[in-house]
Amino acid sequence: MSEILNKLSGQGVAIWLDDISRERLRTGNLEQVIREKNVVGVTSNPTIFANALSKGDAYNSQLHDLAVRGVDVGEAVRAITTYDIRWAADVLRPVYDATGGVDGRVSLEVDPRLARESEKTIAEARALWWMVDRPNLMIKIPATVEGLPAITQALSEGISVNVTLIFSLERYRAVMDAWLAGLEAAQAKGLNLASIESVASFFVSRVDTEIDKRLDKLGKPELKGKAGIANARLAYAAFEEVMNSERWQRLRAAGARPQRPLWASTGVKNPEYSDTMYVDQLVAPGTVNTMPEKTLDATADHANITGDTVRPFYEQAWNTMAALKDAGVDYDDVVKVLEDEGVEKFEASWNELLESVTKNLVP
């Protein structure tokens, strides 16, 4: 194992792999990264599945059977993705058992075309939860305004939720409120709160990508590459506020567990930046960092893990955000653009996935 990854895990950061594929599963590669690289969870998204399906022949046999059965493309996609997720969940089950259900989690996203429709998102979450039928599953629901009631409803039914596509601090607070409401409803139904796990996926690199473009136009290059980390650090401050609230303490006393902040979009887009900046600059206890394999390998090789790099820097983070505002960066517009783009990108990947499956549904 990498000494650096051991240090990162020792700081209370759960390392999740932001990738899945049938090839990774059938070759035993997932077991290998769990064993050798401290990986304790897996996340997926439509882009990851579209990429997996475009390579190799791992899905050919299942595609053939689905075609012979005359399954429509929507159900074929569900069959393919849930197959991989069940397999990954079984591989990670020992981690789930060893951590008391905190880690060993595998995330599966609802159809992103439903991101603006609450009732359909809830129905899809229930269907996927039933189809996978593994206790270590998490259903990914986007943090759109319409996604918030779906998050609450899913949690109230005992469905573990990975809230995705969070960009703004205001929306993050609304996500935590939706999470608390879901747990309170679950408690009222007499459900076991300890079995309901949730993470809140706060996107990082995309914030820098969007704000850096604006800083170039504003002639303020000295502020580039700082917004994503500052934004995430302030999200952790908001998390700590909720953890200190009476509302949370009541739920905690009833057996509930925290909704951990998860740093997503941690692959560095700008080659001028350190390729591990969204890992070693966001070390804090009780967090998850979900990494593409390239970032995981870079972290294992040369990340600089020095301890908590979030809580000592709250003031610096506020100053960074203030400087961005003074420079003319419209934060509210940035996060709106990012949410809209995030939904659109996942919709495009989903459509690509549908097209690929359609093309390959040949008896």
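The values are calculated or read from the model by the stated rules, or taken from the named source; none is laboratory data. Since we're looking at a predicted model, the values are computed, not measured. Quick reminder, even Gly has a Cβ in these numbers, built from the backbone with ideal geometry, and neighbours come from all protein chains shown. What goes into the accessible areas is simple: the full protein's heavy atoms, side chains included, and nothing from ligands, DNA or RNA. Shrake-Rupley method; radii C 1.70, N 1.55, O 1.52, S 1.80 Å.
Worth pointing out:
- Taken together, the residues in segment 32-77 that are more than 21 Å from residue 134 (Cβ to Cβ) and of a type in the set (A, V, I, L, M) amount to 8.
- Failed condition for residue 253, given (1) in contact with a strand residue (DSSP E or B) (Cβ under 8 Å, 6 or more places away or on another chain); (2) open to solvent by 10 Å² or more (accessible area, probe 1.4 Å); (3) over 27 Å from residue 333 (Cα atoms): (1)
- Only residues that are open to solvent by 60 Å² or more (accessible area, probe 1.4 Å) and either more than 21 Å from residue 222 (Cβ to Cβ) or of a type in the set (Gly, Ala, Ser) (or both) were counted across segment 275-292, and they come to 1.
- Test: residue in segment 255-264 that is among the charged types (D, E, K, R) and at pLDDT 95 or above: yes
- Considering the conditions (1) outside any helix (DSSP H, G or I); (2) over 25 Å from residue 105 (Cα atoms), residue 263 is excluded by exactly one of them, (2).
- Condition check for residue 156: small (Gly, Ala, Ser) and under 14 Å from the mean Cα position of the chain (by Cα): no
Okay, residues lined up against (1) in contact (Cβ under 8 Å) with a residue 40 or more places away in the chain; (2) open to solvent by less than 50 Å² (accessible area, probe 1.4 Å); (3) touching a strand residue (DSSP E or B) at 6+ places or on another chain (Cβ under 9 Å):
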{"site": "200", "(1), (2), (3)": "yes, yes, yes"}
{"site": "227", "(1), (2), (3)": "yes, yes, no"}
{"site": "230", "(1), (2), (3)": "yes, yes, no"}
{"site": "244", "(1), (2), (3)": "no, no, no"}
{"site": "259", "(1), (2), (3)": "yes, yes, yes"}
{"site": "271", "(1), (2), (3)": "no, no, no"}
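- Test for residue 317: is it modelled with pLDDT of 95 or more, farther than 22 Å from residue 51 by Cα and under 22 Å from the mean Cα position of the chain (by Cα): no
- Yes/no for residue 148 being within 17 Å of the chain's Cα centre (by Cα), open to solvent by 10 Å² or more (accessible area, probe 1.4 Å) and hydrophobic (A, V, I, L, M, F, W, C): yes
- Residue count for segment 151-180 satisfying the condition of being small (Gly, Ala, Ser) and crowded, with 24+ Cβ neighbours inside 10 Å: 2.
- Candidates 136, 51, 60: the one that is open to solvent by less than 20 Å² (accessible area, probe 1.4 Å) and either in contact with a Ser or Thr (Cβ under 9 Å, 6 or more places away or on another chain) or farther than 27 Å from residue 340 by Cβ (or both) is 136.
- So residue 98, is it out of contact with any helix residue (DSSP H, G or I) (no Cβ under 7 Å at 6 or more places or on another chain) and within 19 Å of residue 134 (Cα to Cα): yes
- Qualifying positions in segment 303-314 - surrounded by 13 or more Cβ atoms within 10 Å (Cβ to Cβ) and assigned to a helix (DSSP H, G or I): 311, 313, 314
- Qualifying residue in segment 315-331 (condition: in a helix (DSSP H, G or I), more than 28 Å from residue 216 (Cβ to Cβ) and of a type in the set (Asp, Glu)): no
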